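Okay, structure first, notes after.
The values are calculated or read from the model by the stated rules, or taken from the named source; none is laboratory data. Keep in mind that this is a model prediction, so the values were computed, not measured. Every residue, glycine as well, gets a Cβ built from its backbone with ideal geometry; the counts of neighbours run over all protein chains shown. For the accessible areas, the whole protein counts, side chains as well, though only heavy atoms, and no ligand, DNA or RNA atoms are used. Shrake-Rupley method; radii C 1.70, N 1.55, O 1.52, S 1.80 Å.
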Amino acid sequence: MANRTDPTARSVHGTNPQNLVEKILRSKIYQNTYWKEQCFGLTAETLVDKAMELDHFGGTFGGNRKATPFMCLILKMLQIQPEKEIVVEFIKNEDYKYVRILGGFYLRLVGKPTDVYHYLEPLYNDYRKLRRKNADGSFSLDHVDEFIDELLTKDYSCDIALPRVPKRWTLEGSGTLEPRRSALEDDFEEEEEKEEEEPAAGAVEQAEYEKERRRSRSPVKERDREKERDRDRYRDYRDRDRDRDRDRDRDRDRDRDRDRDRDRDYYRERERDKDRDLHRERDRDKERDYYRRDRDRDRDRHRDRDRRRNSRSRSRSRERRDRDRDVRSISPVDRKKRYRTPTPPPNRRRRADDDGPLEEGEHRVGVGKEDDDKRKKRRDKKDKPPDKDKKEPVTDGTDHPDPEIAEANRLRAALGLKPLRV
């Protein structure tokens, strides 16, 4: 199929070359019209013509993240995997700047670290302008040297994660890469040659001074000076990276301590809430036990009162049964003798009410002696003047002969109520 990698292509960084482009971006490129129409059946020779037609570069743009033709050609180069000589010719092409950056971007993806530094660092001298297409579809101004610096120093470019490349001073320290040679060194050598052609003028001291100055500015010393400068720069980079790592570790430790304190405060607050709930539950249990004791006390009090009342009623019933049994056990004659009513003595004769005043030992007809005594007491009581100092006894009903009424009056007296009227 058109989207498959060339069977003869070698794996890059241990994987399929097309996998260097993220799957989402790869699917966007496969759906692009430029890919389907212009990139179908391209070879390493015909791809140059398409690269010469480029007028901008970039990753994806627009709301649906449409891929640019630059990215389509990059994926096509990963698919057909052109030879290294062809890629180097792309980079060395000075007539078409987009062909140059196309070859540089492809070499940054698949090349070795030494090849990347060796072929891309000379492009720092190319200051031509480029048009970059932004994510919102607008264009911005860029330069070739800025794009090359982005490829060598950044980890992400044109919506693609770049493979990791070691730092230059690391490769110089291991001896796999020579120190960088400045492009201005040739200009310095030409200037020195011109100065050597000029006739010596002045005194011998001036000639020796010029000779010493020329010797001090020789290419060997300039190269040594450049090495020392690169070494100092590497030392500064190393110190800066070390300081950055130290600051990052300090921030990480500070965040970890903050998270630990937050977790400690959270668990402490939760334990405090648990203790508060436990004390609240204990208080609730105490109140529940208090109300339960009061309820049990009231129940026992009512039970004891009911028990005493029942015992009194049983005792009265028992006395009543005993009395009835005694009455039934007595013979009718004895019962009549015991329970008969007293008769008046024979020497007392009865008189009518209208016979006049009664004499001693007499009473009126139809009225007993008890009635006469009551009437006489009532008359004496009316005739007797009232005694102010003597107070009538006040009773609260607790000495009532009926034990139930006496108990009820005692309870009413305890509650502040009036006694029962019987």
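Under the condition of being open to solvent by less than 40 Å² (accessible area, probe 1.4 Å), more than 24 Å from Gly111 (Cα to Cα) and in a loop (DSSP other than H, G, I, E, B), the residues counted in region 1-57 number 1.
Every listed requirement among (1) open to solvent by 40 Å² or more (accessible area, probe 1.4 Å); (2) not in a strand (DSSP E or B) is met by Leu141 save one, (2). Comparison of Arg288, Arg309 shows that the only residue that is part of a helix (DSSP H, G or I) and either in contact (Cβ under 8 Å) with a residue 24 or more places away in the chain or at positive phi (or both) is Arg309.
Evaluated against (1) open to solvent by 50 Å² or more (accessible area, probe 1.4 Å); (2) within 24 Å of Gly62 (Cβ to Cβ); (3) touching a residue at least 12 places away in the same chain (Cβ under 8 Å), Tyr156 falls short on exactly one condition, (3). What is the one condition in (1) out of contact with any strand residue (DSSP E or B) (no Cβ under 6 Å at 6 or more places or on another chain); (2) open to solvent by 10 Å² or more (accessible area, probe 1.4 Å) that Phe61 does not satisfy? The one condition Phe61 does not meet is (1).
Taking the listed residues Glu150, Glu172, Glu146, Glu178, the one that is part of a loop (DSSP other than H, G, I, E, B) and either open to solvent by 30 Å² or more (accessible area, probe 1.4 Å) or out of contact with any Cys (no Cβ under 6 Å at 6 or more places or on another chain) (or both) is Glu178, with no other qualifying.
Among the residues of region 117-134, is there at least one that is over 27 Å from Gln38 (Cα atoms), out of contact with any helix residue (DSSP H, G or I) (no Cβ under 7 Å at 6 or more places or on another chain) and among the charged types (D, E, K, R)? Looking through region 117-134, at least one residue is over 27 Å from Gln38 (Cα atoms), out of contact with any helix residue (DSSP H, G or I) (no Cβ under 7 Å at 6 or more places or on another chain) and among the charged types (D, E, K, R). In this entry, Arg231 is excluded by the filter for residues that are surrounded by 10 or more Cβ atoms within 10 Å (Cβ to Cβ) and at pLDDT 85 or above. In region 96-122, of all residues being among the hydroxyl-bearing types (Ser, Thr, Tyr) and assigned to a helix (DSSP H, G or I), the one that is farthest from Glu53 (Cα to Cα) corresponds to Thr114.
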